[in-house]
Amino acid sequence: MDLTLTTLEGEAIGTLPVSEAVFGLEPRADILQRVVRWQLARRQQGTHQAQSRADVQRTGAKMYKQKGTGRARHSSARAPQFRGGGKAHGPVSRSHEYALPKKIRALGLKHALSAKLKSNDLIIVEELALKEAKTKLLSQQFSKIGVSNALLIGGKELDVAFSRAASNIPNIDVLPVQGLNVYDVLRRGKLVLSRAAVEAIEERFK
């Protein structure tokens, strides 16, 4: 499978062969959903916590005598039924992370890349680099290739000038190839890969 290779100015300079096993799959929504849910669960902080009756600072003395009042047999004022008492079965700090097989994670990334190619939202450029960090210049280049909401994936090391210029443009994310993930691929409209990124992705799944 050969894909068109362009420059940041939108000029076609040739083709780049890519693996059908990575970019030519039929996207499956269930695989993508599993991986996205797994990613979001790992990101969730899980720091929510309510005060139980053991955490509430109130007296532990018996409220009134056991018998003879005609009322319920209450003891501690820390019980959940009283105003100011502890929360019964409230949220506690915990990790929301769970395990997902490596094969499913790898398959999810292949399906995400294939989905972008199938919807004509995949652009491959020679390199993501600028001579100087000028946001205006980069915005003009993006307009030529039709990019306004995109994830850009560079090589193992990003060009400093390019990443600085792109950081000032809304709805544009720039990541090294090591940071490529399903959630960020799907949440942006376009996916822009450099030649180095494509080579690194194919080497990863070889």
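The values are calculated or read from the model by the stated rules, or taken from the named source; none is laboratory data. Worth saying up front: this structure is predicted, and the values here are computed from it rather than measured. Please note: Cβ atoms are built from the backbone with ideal geometry, for glycine as well, and neighbour counts cover all protein chains shown.
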Residue by residue through region 94-123, note down the ones that are in a loop (DSSP other than H, G, I, E, B) and exposed (fewer than 15 other Cβ atoms within 10 Å of the Cβ).
R94, S95, H96, E97, Y98, A99, P101, S119, N120
Is it true that some residue in region 71-93 is in a helix (DSSP H, G or I) and out of contact with any Leu (no Cβ under 7 Å at 6 or more places or on another chain)?
no
Considering only helices (runs of 4 or more DSSP H) wholly within region 134-206, the ones with at least 1 residues that are β-branched (V, I, T) and closer than 27 Å to L107 by Cβ are 182-187, 195-204
Considering only residues that are in a loop (DSSP other than H, G, I, E, B), more than 18 Å from K102 (Cβ to Cβ) and either over 25 Å from the mean Cα position of the chain (by Cα) or not polar (S, T, N, Q) (or both), which ones fall in region 24-48?
G24, E26, P27, G46, H48
Could you please find all residues in region 184-206 being crowded, with 19+ Cβ neighbours inside 10 Å and closer than 19 Å to K102 by Cα?
V185, A200, I201
Could you go through region 95-113 and let me know if any residue there is of a type in the set (K, R) and modelled with pLDDT under 95.
no
Selection over region 39-63 where residues are more than 30 Å from L186 (Cα to Cα) and exposed (fewer than 13 other Cβ atoms within 10 Å of the Cβ) yields a count of 8
Going through region 179-206 in order, the residues found to be free of Cβ contacts under 8 Å to residues at least 60 places away in the same chain and farther than 19 Å from V36 by Cβ are A197, E199, A200, E203, R204, K206
Inside region 161-185, the number of residues satisfying the requirement of being out of contact with any strand residue (DSSP E or B) (no Cβ under 9 Å at 6 or more places or on another chain) and of a type outside the set (K, R) is 8
Just to be sure I understand the filter: pairs with C-beta atoms under 7 Å, separated by 6 or more residues or on different chains, first member in region 100-123 and farther than 19 Å from Q178 by Cα, second member part of a loop (DSSP other than H, G, I, E, B). Which pairs pass?
A115/P27; K118/P27; D121/G189
